[in-house]
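The structure appears below as structure tokens.
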Amino acid sequence: MATLPELIKFSDFCGLLRRLKERPQQSDRKREFEKFFKQHKSDVSFQNEELLPFLRIILSSMDSDRRFDIKHKKLSQRVGKLLGVPASKLVCFDSMGAHKATEKLAAEVVGRLTKGKGDLTVAIVNERLDRMADKEMRDPDDSDFEYLFQHCGEEELIWIFNVIIRNVESYIGASSSNLLSMLDDDAKQRWTLCRSLSAVVEDISPTDSILGRNFRPMLLARLPRLTDWWQPIAAHSGKEFFVEMKYDGEHVLLHKINKDNYKYFTRNGKDFSSDYGASSQDGSISNRIHSSFLDSCVDCVLDCELVLYDKIKKKICRHNTAASDGQTYSFRFVHPDMNPNVVVAVVLFDILHYNGRSLLNVPLEERIKVLEKGVLKKQSEDAIYIAKRQIMSSRSEVEEFFAEAMKNDEEGIVVKSMTSLYIPGSRAKNNGWFKLKPNLASSLSIDLAVVAILKNQGKDNRDAYLIAAKDEKSSKMVIVGSVSVGLTDLDRRRIYEDATRAGPLTLEPHEIIRGWPIKGKGGFIHPHHMNVVEVTCTGVREGKLVDPVVRCIREKPIDEIDTIEQFEELEEVLRQCRLPDKEEAAKMEEMEERKRKKGGEGVIPSKREKKEVSEETEGSPLAGRTVCVLQGVDSKLRERAFKILDRFGAKNVANPVSGTDLVVAITRVHPRTRMVVGKNEWTVVDAKWLVRCEEAGRIEKWTDEEVIHSVPGTFEIE
């Protein structure tokens, strides 16, 4: 008897995909999905192996068995080669995005060839796609691709192109998890336990053994920036909770099987067992850590972090940090031991399975006892050890622990509920697991120019952008890193359109950019067409930003970006940061609420209209003086300060530079305020002084309470 994939035509299945795309409501999608299959088989089970070929098309990004490893432009080149047409004449992915581009590409194929009959079944399409993805089976002449061209119509080709670039879910407009849940309520959980589409259609129970399975780890919840970080912890982590350092390495699930065998799965599901050692005698890790295990530990699943340990410095070598040998290491995925003094070490912080017993439903406090007593007989920082943790119960304890972590150049800290169960794939706040990093602790950011676009080199294969600060001594821009996170599609489109308005990008940097030629796709932007972005980060390392995130595009000219000196001070400022107290957190939340109601964050006007000289300006002691208003948690107050200074004739600057007469602080305890005070070059006064002057209608002398820092011999009001 023919199976469903052999019965159902691919053209009919594409009709279902179109209807799923047209229906935004999840309930409507599920109804369409069930209706379609029951039309062909009334007693169909949605936990049925016959549905696997259909899932491999709908959930293309989750199909680990079929990878083409090509994106938009390579697809266009491959299609162009078959049609005998240069890819550049087919479609411009840069200007329209993947969705529109696959539609136009399909239209081009149909317009140049005889329209296909649409007579292929889902089974045949999957078979051809499998052969195209298999490097050993693939025909050099791409005959399978050509076969699909000859037999498919325009709509079918659109979906085939989206399968190839693993974009079907995005084209439908739904997340993978939502589409997965069309099968049944437990489908997402089955995926989480095995990360395999074939497992989704099998009868797998959450109680089945996780040993050897490539399941998704439980993750730390993200705390929203500029809000009271303590509230979620108090609500979800319990009266007492564990606190430990956050390690800067690779999150891995380590499986020890039948004493001598090992498996290593990254949080993204990549299997690096052959690299790290599938047995106790192999790889860069297993052969070094095997002797550390107790003989009684036959099998276990360990949640851990792989880190680089520098034996000379006797400390963990953080990502992109120079080691004792002078080399800077990027700790990502495949990284065998570089030299005898810089080695991969394993830091254990949880155990999920032990000697045939699942510990997923055991509270963390009990799991830690098993980890500490039943796994290792010896520990070493250059091989394998259990992470240290403390039990805390108050806000002040966490604040002190965080401040100490920052002084010691740690990545951040972690809070975990002692009673939490281990839920694979979950990042929910009610688990009581949270991470606290420097960018959570303050509103500190830096304004930088976008000087180049790096095509498909960012997260999830999206574009990345080189960003630069200003060197006032040489009048050049200095590249300080790349960023790909935080930008909306609208932001990306704006940057690209502005950058290419006067012509294409250039591989060589403009003369005012201190950089290097770009190899590969993308190019530099002419200074006249650059955008300025506000960027937050978790630190500065080896002259580059760590974990940069774009907050917004700033409406200001590039000559007002932050300087290289301010960039270099960021690391020191971040290391001095602390978690906001209740009062600061309340102000932050108020600001965020105003921002949400306003629909966006206010920016400092880059150009102000020239006003006629008023009586207030003529008699003002600030007339002609250069005054800097520092960044703080209240951007509305900062904007008000600028307007007051305008009113009394002062020249406003966003950052203190040579020739600055006075500095006004919006927030007394802000890292930027502490940094300026530490320089001891300018008198710093509270913005409340300006507000008082505005209410009085004249500039008055500041009071002792309004002075944050006084430098004798600098400007003061008589």
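Read the figures in this text as sums done on the coordinates, not as results from a lab. Note that the structure is a prediction, hence the values are computed from the model and not measured. Glycine gets a Cβ as well: all are built from the backbone with ideal geometry, and neighbour counts include every protein chain shown.
Amide H to amide H distances under 5 Å link residue 221 with 433, 434, 435, where only residues 5 or more positions off or on other chains count and H is placed in the peptide plane. Here the 3J(HN,Hα) profile of region 265-273, calculated from phi with Karplus coefficients 6.51, -1.76 and 1.60 at θ = phi - 60°, is 10, 6, 4, 8, x, 7, 9, 10, 4 Hz, Gly and Pro shown as x.
Legend: residue pairs 38/135; 582/651; 437/459, Cα-Cα distance threshold 25 Å; pairs beyond threshold, 38/135; 582/651.
If the chain linking residue 409 and residue 494 were pulled fully straight, counting 0.36 nm for each residue of separation and taking away their Cα-Cα distance, it would gain 26.9 nm. For residue 688, the lysines whose Cα falls under 16 Å of its own Cα, not counting residues fewer than eight places away in the same chain, are 587, 636, 643, 701.
Using 0.36 nm per residue and subtracting the Cα-Cα separation, the extra length available between residue 485 and residue 89 on full extension is 139.4 nm.
Rounded to the nearest 20, the size of the Cβ-charge dipole of the chain about its Cα centre is 900 debye, with Lys and Arg at +1 and Asp and Glu at -1.
Look at where the Cα atoms of region 451-501 and of region 210-243 average out, and the two centres are 32 Å apart. Compared with the alpha-carbon gap, the fully stretched path from residue 64 to residue 461 is longer by 141.2 nm at 0.36 nm per residue. Each residue of region 675-691 was assigned a 3J(HN,Hα) from its phi angle through the Karplus expression (A = 6.51, B = -1.76, C = 1.60, θ = phi - 60°), giving 5, 5, 4, x, 6, 6, 10, 9, 6, 10, 10, 6, 4, 4, 4, 5, 4 Hz with x at Gly and Pro.
Using just the C-alpha positions of region 4-180 as equal point scatterers, what log10 of I(q)/I(0) does the Debye formula give at each q in 0.08, 0.13 1/Å? For the requested q values the scattering log ratios are -0.24, -0.63. Relative contact order of region 443-575: 30 percent, from C-alpha pairs under 8 Å at least 6 residues apart in sequence. Under a 5 Å amide H cut-off, with hydrogens placed 1.01 Å from N, residue 563 pairs with 470 among residues at least 5 apart or on other chains.
On C-alpha positions alone, give me the angle between the axis of helix 489-499 and the longest principal axis of the chain, in degrees, nearest 10. The angle comes out at about 70 degrees.
Between residue 582 and residue 365, what FRET efficiency follows from the Cβ-Cβ distance if R0 is 30 Å, with the result rounded to 0.05? Show your work: numbers first, answer last.
Working: r = 29 Å, r/R0 = 0.96.
So the FRET efficiency works out to roughly 0.55.
With Rh defined as the Kirkwood radius, the inverse of the mean 1/r over Cα pairs, the Rg/Rh of the chain is 1.01. Please report the relative contact order for region 221-436, taking Cα pairs under 8 Å with a sequence separation of at least 6, and give it as a percent rounded to a whole number. Once divided by the residue count of region 221-436, the mean separation gives 30 percent. A simple spin-label model places pseudo-atoms 7 Å from Cα toward Cβ; at residue 271 and residue 202 they are separated by 1.2 nm. Spin-label pair residue 705-residue 209: with each label point 7 Å from Cα along the Cα-Cβ axis, the two points sit 7.2 nm from one another. Look at the alpha carbon pairs under 8 Å that are at least 6 residues apart: their mean separation over the length of the chain gives a relative contact order of 9 percent. Working note: Cα atoms of region 443-575, range along each principal axis, descending, whole Å: 41, 34, 28.
Think of each Lys and Arg Cβ as +1 and each Asp and Glu Cβ as -1; about the Cα centre, that makes the dipole of region 443-575 roughly 580 debye. A simple spin-label model places the labels of residue 696 and residue 18 7.4 nm from each other, with each point 7 Å out along Cα-to-Cβ. Placing unit charges on the Cβ atoms of the charged side chains and taking the dipole of the chain about its Cα centre, the candidate lying farthest along the positive direction among 293, 90, 707 is 90.
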